[in-house]
Amino acid sequence: MKTNILTAVFLLLFLVICIGSCSHDSEPISQSNSYYIVGDKELQRELSLLFRDLQKQADNPESRFVLIQEITKKLHTIDELNLLNLFLTSYVENHPEDSYNGYYLLIVAQNYLSQGADPFAVQYFERILRNHVDLAVNGTTVHYICLQNLIDLVSDPELKVSYYKNLLSRFPEKIERGPTYYFLAKTYEELGDWDLAIQAYRNFLGYPETSIKGVPHAHEQVRSIIEFYDYPNKDWTMESLEDLVNTVKYAMWTRNSRLLRRYRAKVNFFAISWEEESAEANQNFLDGLGSLLTQRIHYNSDLDRDSNNREAYLRTWGWSYRIKTWYLYFRRVDFPADPEIHGQWEWAGIYFGEKPFAGTESF
């Protein structure tokens, strides 16, 4: 009888220990987290274990970070991006003190970007910059990734200016400063802030090795813009192309070298053959332009047929020069910084020799 009682007691103790142990090992996950247990049975088991461990790490953000990374990988594996976004945004909302929240929201932003939901991605990139500290991620930082993406996604020039300036001030060692200054200048142009645009262009010229994709002669173009901007009195332009052409014709016909110089563009004037790339004319040539009026200069009555409302060509001949035929080139001034001359016409250059495939002039 005594033996039976002892056996029953030991059996009861054994059952209590087993039940307690099983209860601890199979501690249920919260109802809210059970929503994320998806996939096949093996994946469900792995996610259940991860979420159970996550519940136990309430006061350890570093351990939670490791677990959340694993959960993220699992949900990515089965392309459950919407579910992953819900989990991460809910986590950030419920744990506002977590220092890794910027990283978690970056995953959300990149998920939206991969799905083509750019407006949602922009919303989260900007939220990270406003509300969360920067974090190092795989050799770069969360804020740097956000800024690089926002520059490509956002069209508002005021916002783009702030992103470029942020990159230049905070991450100068990570970016190519030449292109950044170039595109900052272009963005200032969109805003009509020409003083700041010119300053950004000047900074761009400090990086002569920089190349701009799609703009093979960016440095030459920028130098031309700055030189035009800096020239104090741009009085060689005329509102009417007809008036300007007639004035230049009169100067040539009367051999009036002073009048000819008066209406030659003082900045970026070129004198090249048709085969050459555009380049500024030699100053000695420009200084001696009047001396080439030693005989009667002839010109066509009409402009060349390739002339249009942006640029025009006038064929002339009889110059005291090794090449007798010149095409005078006229163009509209593209300079919004000064509304008084923007859109007017200037005599901007000379092409030496007969125009390739020249036809009858009918403009």
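The values are calculated or read from the model by the stated rules, or taken from the named source; none is laboratory data. Note that the coordinates shown come from a computational prediction; the quantities given were computed from them, not determined experimentally. All Cβ positions, glycine included, derive from the backbone under ideal geometry; neighbour counts span all protein chains shown.
Tabulated results
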| quantity | calculated |
| --- | --- |
| The range 186-205, subset in a helix (DSSP H, G or I) and among the acidic types (Asp, Glu), residue nearest to residue 157 (Cα to Cα) | 190 |
| Every residue from the range 129-153 that is closer than 30 Å to residue 66 by Cβ, in contact (Cβ under 8 Å) with a residue 24 or more places away in the chain and either part of a loop (DSSP other than H, G, I, E, B) or under 15 Å from the mean Cα position of the chain (by Cα) (or both) | 132, 133, 134, 135, 144, 145, 146, 147, 149, 150 |
| Residues of the range 281-321 satisfying the condition of being surrounded by 14 or more Cβ atoms within 10 Å (Cβ to Cβ), without any contact (Cβ under 8 Å) to a residue 60 or more places away in the chain and hydroxyl-bearing (Ser, Thr, Tyr) | 299, 307, 313, 321 |
| Count - residues of the range 76-128 that are assigned to a loop (DSSP other than H, G, I, E, B) and not polar (S, T, N, Q) | 10 |
| Filter pass, residue 284 being part of a loop (DSSP other than H, G, I, E, B), outside the structural domain of residue 197 (by TED's automatic domain parsing) and either within 45 Å of the chain's Cα centre (by Cα) or over 22 Å from residue 221 (Cα atoms) (or both) | no |
| Single condition residue 208 does not satisfy, out of (1) under 28 Å from the mean Cα position of the chain (by Cα); (2) outside any loop (DSSP other than H, G, I, E, B) | (2) |
| Residues that are assigned to a helix (DSSP H, G or I), aromatic (Phe, Trp, Tyr) and free of Cβ contacts under 8 Å to residues at least 40 places away in the same chain, drawn from the range 154-185 | 163, 164, 181, 183 |
| Out of 188, 207, sole residue that is at pLDDT 95 or above and under 20 Å from residue 230 (Cα atoms) | 188 |
| So residue 98, is it without any contact (Cβ under 8 Å) to a residue 60 or more places away in the chain, in the same structural domain as residue 86 (by TED's automatic domain parsing) and in contact with a helix residue (DSSP H, G or I) (Cβ under 7 Å, 6 or more places away or on another chain) | yes |
| Among (1) of a type in the set (Lys, Arg); (2) without any contact (Cβ under 8 Å) to a residue 60 or more places away in the chain; (3) in a loop (DSSP other than H, G, I, E, B); (4) on the phi < 0 side of the Ramachandran plot - the single one residue 255 does not satisfy | (4) |
| Tabulated pairs, the range 212-239, first on the phi < 0 side of the Ramachandran plot, second surrounded by 19 or more Cβ atoms within 10 Å (Cβ to Cβ) and charged (D, E, K, R), C-beta under 7 angstrom, 6+ apart or interchain | 236/264; 236/346; 237/346 |
| The lone exception for residue 338 - which of (1) in contact (Cβ under 8 Å) with a residue 12 or more places away in the chain; (2) more than 36 Å from the chain's Cα centre (by Cα) it fails | (2) |
